[in-house]
1. From the list Asp187, Asp170, Asp210, exactly one residue is in contact with a Ser or Thr (Cβ under 8 Å, 6 or more places away or on another chain), charged (D, E, K, R) and surrounded by 15 or more Cβ atoms within 10 Å (Cβ to Cβ). Which is it?
2. Quick one: Leu283 ticks every box in (1) more than 20 Å from Asn124 (Cα to Cα); (2) touching a residue at least 24 places away in the same chain (Cβ under 8 Å); (3) in a helix (DSSP H, G or I) bar one, so which box is it?
3. Among the residues of the range 16-36, how many are open to solvent by 10 Å² or more (accessible area, probe 1.4 Å) and among the small types (Gly, Ala, Ser)?
4. Are there any pairs, at least 6 apart or on different chains, whose C-beta atoms fall under 7 Å, with the first in the range 137-153 and at positive phi and the second open to solvent by less than 10 Å² (accessible area, probe 1.4 Å), and if so, which?
5. Take the range 103-135 and flag every residue that is hydroxyl-bearing (Ser, Thr, Tyr) and over 17 Å from the mean Cα position of the chain (by Cα).
6. Considering only residues of the range 232-274 that are touching a residue at least 24 places away in the same chain (Cβ under 8 Å) and hydroxyl-bearing (Ser, Thr, Tyr), which is farthest from Ala135 (Cα to Cα)?
7. Please enumerate the residues belonging to the range 190-207 that are under 20 Å from Ser253 (Cα atoms) and loosely packed, with under 14 Cβ neighbours inside 10 Å.
8. Of the numbered conditions (1) among the hydroxyl-bearing types (Ser, Thr, Tyr); (2) touching a residue at least 24 places away in the same chain (Cβ under 8 Å); (3) closer than 26 Å to Gly183 by Cα, Tyr318 satisfies every one except a single condition; which is it?
Amino acid sequence: MTKTRYIMAFESSADETSVAIVKNGDEIVSLETATQIKSHQRFGGIVPEVASRHHIEQVTILADAALEDAHLTYSDLTAIGVTQGPGLVGALLIGVTAAKTIAWAHQLPLVPVLHLAGHISAANFVSPIQYPALALMVSGGHTELVLMREEYDYVVIGDTRDDAAGESYDKVGRTMGLKYPAGKTLDDMAHLGQPNYKLPRALIDDGAYDFSFSGLKSAVINLMHNADQRGETVDHNDLAASFQQAVIEVLVSKTAQALDNYPVKSFIVAGGVAANKGLRDALTKMMAARPDIAFIPVPIKLAGDNAAMIGAAVDIAYRHGMRGDWALNADPALEFEYEDE
């Protein structure tokens, strides 16, 4: 009989301090997360120094709570896992230091993982990923198409050349006077409006898999500024609908193209923007024409940053022999390999 694996995982790459215990890579035993959104809202975005201080205050409290909720002790754990990167270097260091300290004190294996592998691996909480698989990773910092020919093999086939989709949502939202983060609010507004404004869809017909949202973001901002200078009124709901439609059309078009060209058994959508209702609906409609591919949207409650997803990725990495040593450091620029490398 296979021994049960309990992974304690730490996530602190941005503005969420999170600790979880995951069983066998597909069951959340406990999950403790402290959000910092209110602390950063007044600045319109994440302030790295503020984020780091919050992580310091919360990380050991959450580790104790995760163990208590799971009714486990450190002697029950199989390994300690942590996000090594990418992210804010100061924030990452808090999680890495906490994980190293606990792993050393309790003589447990230390397993570092890439943050984006966590987002994708959260699909295993819904249904086992069948390989080969394709993932659309959409968040505030990343918009990527990731091909996995087998487990623990991640290759980027398409990336954003400038702004990520979530980053564009926040910048457009800021111009509209919305609170940070603006993604959910813009999604709600889009469902109240009509896509009456003509906006660009960069690279949509270029035959490749890369994305570009900087021009779209700038077009929305310029439209609003020009209307303001002329004394004209912009319907914010219609503009949100127009903006969201443009983002979704590009994401869906590129994804459909990749699915047509790479035979896969599973398709995963993950990352904070994966919680967007408009995107989920459009992808669901697209996948209805591909019944031979398992569509696994990561649950909305796990779409944002959390340690459970890191635990799922750590379980995979642990089984494939990944181990960190006591010299492990945060790597804010850590990324997957690219197809042409």
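1. Exactly one residue qualifies, and that residue is Asp210.
2. Of (1) more than 20 Å from Asn124 (Cα to Cα); (2) touching a residue at least 24 places away in the same chain (Cβ under 8 Å); (3) in a helix (DSSP H, G or I), only one is false for Leu283: (1).
3. Total meeting the criteria: 1.
4. Note: pairs meeting the criteria are Tyr152/Ile316; Tyr152/Ala317.
5. Once the filter is applied, which keeps residues that are hydroxyl-bearing (Ser, Thr, Tyr) and over 17 Å from the mean Cα position of the chain (by Cα), the range 103-135 yields Ser127, Tyr131.
6. Ser242
7. Of everything in the range 190-207, those that are under 20 Å from Ser253 (Cα atoms) and loosely packed, with under 14 Cβ neighbours inside 10 Å turn out to be Lys198, Asp205, Asp206, Gly207.
8. (3)
The values are calculated or read from the model by the stated rules, or taken from the named source; none is laboratory data. Keep in mind it's a predicted model, so treat the numbers as computed, not measured. When we count neighbours, we look across all protein chains shown, and the Cβ atoms used for this are built from the backbone with ideal geometry, even at glycine. Ligands, DNA and RNA are excluded from the accessible area calculation, which covers all protein heavy atoms including side chains. Shrake-Rupley method; radii C 1.70, N 1.55, O 1.52, S 1.80 Å.
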